[in-house]
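Okay, structure first, notes after.
No lab work stands behind these numbers, since they all come straight from the coordinates. In this text, all values refer to a predicted model and were calculated from it rather than measured experimentally. Glycine gets a Cβ as well: all are built from the backbone with ideal geometry, and neighbour counts include every protein chain shown.
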Amino acid sequence: MPVLYPTILNEFHLSYVQLDLLRFAYSFASGFPQMFVSFFRRWLPRSILLGVGNLITVSMDLLASMTSGFRQFISVRIVGGVGVSPQHAVGASIITTNSDLSWRGKALGLNLAVPNLASALARLIAAALMTSLG
């Protein structure tokens, strides 16, 4: 979240290059493994892939708040990014197979809209907390 960048820069004494490296590492770690999700789908049910991914993501987000240096922070964020990777491929697959054909487009739309709304609200909450807590 861009609203957190000044705090992250100050907390870890990062340069803008390091911040961009952090952003790239997370984006790559969450996007690249999506190509291999279908490979694991041969042996694991979709719900297991999605559930394990969510557990990894949540665990790494919690650990990220407890790190004390850039190397720890970027390592935890990379692993968390890998946990996010099954989200779109598996999530969309589960939605399309478990919804009626007449409601499928709405279900997929909600799958995109709700997280975007939550992300927007999270930015407002983070900005309010940072302002009130210093």
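Only helices enter the 222 nm calculation for the chain: every DSSP H run of n ≥ 4 contributes -39,500 (n - 2.57), and dividing by all residues gives -25500 deg cm²/dmol, rounded to 500. For region 41-104, the list of trypsin sites (Lys or Arg not before Pro) that fall in a loop by DSSP and count at most 14 other C-beta atoms within 10 angstrom reads Arg42. Relative to the longest principal axis of the Cα atoms of the chain, the long axis of helix 104-133 lies at roughly 20 degrees.
If the chain linking Asp100 and Arg23 were pulled fully straight, counting 0.36 nm for each residue of separation and taking away their Cα-Cα distance, it would gain 24.0 nm. Measuring between their Cα centroids, region 1-45 and region 65-134 lie 12 Å from each other. Between 0 and 90 degrees, the angle of helix 86-97 with respect to the longest Cα principal axis of the chain falls at about 30 degrees. Only one item in (1) 33, 13, 11; (2) 56, 16, 12; (3) 31, 19, 12 matches semi-axes √(5λ) of the Cα gyration tensor in Å derived from the coordinates shown, and that item is (3). For the chain, the longest piece that avoids every one of the chymotrypsin sites (Phe, Trp or Tyr not before Pro) found in DSSP loops with at most 12 other C-beta atoms within 10 Å covers 44-102.
Once the Cβ-Cβ distance of Phe39 and Ser132 is raised to the sixth power relative to R0 = 41 Å, the FRET efficiency obtained is 0.35.
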